[in-house]
Amino acid sequence: MQVVTQRTGLSPHVLRVWERRHQVVSPIRTEGGHRLYSQEDVTRLSLLAELTRSGHRIGSLAALTLDQLQGLRREDVASTPAPLRRGFEEALQAVETMDRDGLTACLESLTSRHGAPRVLTEVIEPLMIEVGRCWHRGLLGPAQEHLASLEVRRLLEDLIRRQPSRPDSPGVVVGTLPGQHHELGALTAALTMAMHGWRTWYLGADLPPEELARAAERLGARAVAVSLKLAEAREQALGDVHVLREELDDEVELLCGGPLADELRDELSSSSIQVCEGLSELTDWLSRRSESSS
C-alpha cells in the first residue's frame, strides 16, 4: 500500500474506502494480511486518482474498464486548453525551484485569462495533489511544499474576497475542526461557494465546533462547511462534527468534505449531515440548492 500511495497520490484511507465501497480493485492478501497490488491495479488507481481530481465522481468511474478509463482521460486532456496544461507545468517547475514570484505570477495570470473556476479545477487542485505526491516520494522537500501551500492559500483567500454577492444571498461559514490543520480543501470549498453567489466567511483552521456554530448564528449563515482530511483524527473528527450538528439550528445545513468525510459518509449521512467529498459533489449540492430556491 505504501508504494501505491506514493505512485498514485492517494492516501491509504481513500484507497481502503474505494476498495470497500466501490470495489475499484481487489488486491490479494499475504498471510500476514498485507495488500499486494498488481501493476494493472496501480495503473487503474492512477487513472482513477487523476480523473477524480479533474472533477469526475468515483461512483461513476468504479465500474469502467481500464480501456474506458484511458479513453476518458484522453478526452479530458483533449478538452483542456494547452495554456492550462502549460500553466500547470510552469507552476510545478516554480515550486521545484522555489520561485515564489514566478508561481504567484503564473497562477494570477492563468486566473485572469481563464477564470477562477477552470484554474481551480484544472491547475490549482491537480498542482497541490502532485506537490503532495512528490513530497511523499521524497522528490520535493518540506520547504517547497510549504511555499506552494502558502502561495496557493494567499491566492484562494484573495479570490474569495473578490467574489461579488448580494446582501440577500445565502451565507456560509467555512473552516476546519480541531486537529484538522490542512486548510486548502476548506479554502477550495469556500471559493467554490463564493463563485456560486454565496456570502462566504472563511474562518481558518483548528476551530472548536462551538465557535463555528456561534459564528454561524451571529452571521445568519444558512450553512456551515468543514473539511476533514486527517484519518489519524477520525474519532475526534466524528465527535466534533456531531457536536457541531447539535450546536447549529435545525435549519442550518452542515456540509463535510475531504477524504475523511467520504470515509465517514455512512455515519454522517445518518445524522442529516451532507457529505461533499470533492468539488463535483459540492457543485451538485449547490446546483440543487439553486434550483430549489428559484
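The values are calculated or read from the model by the stated rules, or taken from the named source; none is laboratory data. As the structure is a prediction and not an experimental result, all values here were calculated from the model. Please note: Cβ atoms are built from the backbone with ideal geometry, for glycine as well, and neighbour counts cover all protein chains shown. All accessible areas refer to the heavy atoms of the entire protein, side chains included, with ligands and DNA or RNA removed. Shrake-Rupley method; radii C 1.70, N 1.55, O 1.52, S 1.80 Å.
At a threshold of 8 angstrom on Cα-Cα distance, excluding pairs fewer than six apart, so keeping six or more, what relative contact order does the chain reach in percent? Could the numbers behind the result be given before it?
Values: 395 pairs, mean separation 41.8, N = 294.
It rounds to 14 percent for the chain.
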The chain: most fluctuating residue of GLY32, GLY87, GLY141 per GNM, C-alpha cutoff 10 Å:
GLY32
Shape metrics for segment 1-127, restricted to C-alpha atoms - Rg then Dmax, Å:
16.9, 55
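Specify whether the C-alpha gyration tensor of segment 159-260 places it in the rounded, prolate or oblate class, a ≥ b ≥ c being the square roots of the eigenvalues: rounded for a/c under 1.5, otherwise prolate if a/b is larger than b/c and oblate if not.
Working: a/c = 2.27, a/b = 1.37, b/c = 1.65.
Judged from the Cα gyration tensor, segment 159-260 comes out oblate (a/c at least 1.5, b/c at or above a/b).
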Carbon + sulfur, % of accessible area of segment 1-112 - ligands and nucleic acids excluded, 1.4 Å:
48
Report, largest value first, the span of the C-alpha coordinates of segment 87-219 along each principal axis, in whole Å.
45, 35, 20
Can you compute the modelled spin-label distance between GLU89 and GLN68, with each label point 7 Å from Cα toward Cβ, in nm?
3.2
Full-stretch length increase - ALA205, GLU19 - with 0.36 nm per residue and alpha-carbon distance subtracted:
64.0 nm
Across 5 Å bins from 0, what is the distribution of all Cα-Cα pair distances for segment 57-165, in whole percents?
2, 11, 20, 20, 17, 15, 10, 5, 1
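Taking a probe of 1.4 Å, how large is the accessible area per residue of the chain, in Å²?
Values: 14540 Å² over 294 residues.
Here the per-residue accessible area is 49 Å².
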Dividing the convex hull volume of the alpha carbon atoms of the chain by its residue count, what do you get in Å³ per residue?
141
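Let me have the 222 nm mean residue ellipticity of the chain computed from DSSP H runs of 4+ only, each contributing -39500 (n - 2.57), with the sum over all residues rounded to the nearest 500.
Numbers: 16 runs with 175 residues, N = 294.
Per the formula, -18000 deg cm²/dmol.
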If each K or R counts +1 and each D or E counts -1, the residues other than TYR37 whose Cβ falls under 12 Å of its Cβ total +1
Once you charge only the Cβ atoms, +1 for Lys and Arg and -1 for Asp and Glu, what is the size of the charge dipole of segment 75-139 about its Cα centre, to the nearest 20 debye?
20
